[in-house]
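One structure below.
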Amino acid sequence: MATTRLRRLLLVGFGLTALISLMLISVDPEVQYTVDEIIDSPEDFTSDEIHLRGTVLEGSVDEESKIFILSGTNEDAQIFVDISSVALPDGFGEGYMIAVKGDLVNIDGKWTINASSIQTGCPSKYSAE
C-alpha cells in the first residue's frame, strides 16, 4: 500500500513538473523597447511586430493624416506613428508617455510604425494634485 501511494505521488509530481515546464516554454515574453533603442539600428526591427514606448511630441499630432511623432530622450530619436487603423485611447495626449505596438517600415526615408495598438498610462498619473 505504501508503494502504491508513493507511485501515485511520484506520478502526480512528474505530471505537474511536465505541465509547468510546458507552460514556461510556451510563454514568449514581450520586450518593450524605447525609441532611442529602435532609432540606433531600425533595420533590425523591421521583420516582426515591435512594442515600444516613448513620448508624444508636442505639436506633432496631425488629425487629418492620422500621424504623430513618438520621441525618445534624445531629441534626434523620433519615429512617426501611423494611427489610421487604431482608435486613440483615453488618456492620449501630447507630452504623455505611451506604448505602441506595430510594424516598423521606412516610408520615404522616415521610420514609421503602422500602429496596431496604443496604450496609455493611468489617467490619474497626469492629473494635477
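The numbers here are math on the coordinates, done by the rules we state, and not lab data. Please read these numbers as outputs of a predicted model, since none were measured by experiment. Here the Cβ is made from the backbone with ideal geometry for all residues, glycine too, and neighbour counts use every protein chain on show.
Quick notes
- Residues that are out of contact with any strand residue (DSSP E or B) (no Cβ under 8 Å at 6 or more places or on another chain) and not in a helix (DSSP H, G or I) were ranked within the stretch 1-36; the one that is nearest to GLU75 (Cα to Cα) is PRO29.
- Any hit, the stretch 90-102, residues being in a helix (DSSP H, G or I) and surrounded by 11 or more Cβ atoms within 10 Å (Cβ to Cβ): no
- Unique match (being in contact (Cβ under 8 Å) with a residue 60 or more places away in the chain, surrounded by 16 or more Cβ atoms within 10 Å (Cβ to Cβ) and touching a strand residue (DSSP E or B) at 6+ places or on another chain (Cβ under 9 Å)) among ILE79, ILE50, ILE69: ILE50
- Condition met for ILE113 (of a type in the set (A, V, I, L, M, F, W, C), buried (at least 16 other Cβ atoms within 10 Å of the Cβ) and part of a strand (DSSP E or B)): yes
- Of all residue pairs spaced 6 or more apart or on separate chains, those with beta-carbon atoms under 9 Å, a first member in the stretch 16-43 that is at negative phi and a second member that is aliphatic (A, V, I, L, M) and assigned to a loop (DSSP other than H, G, I, E, B) are THR34/ALA77; VAL35/ALA77; ASP36/ALA77; GLU37/ALA77; ILE38/ALA77; ILE39/ALA77; ASP40/ALA77.
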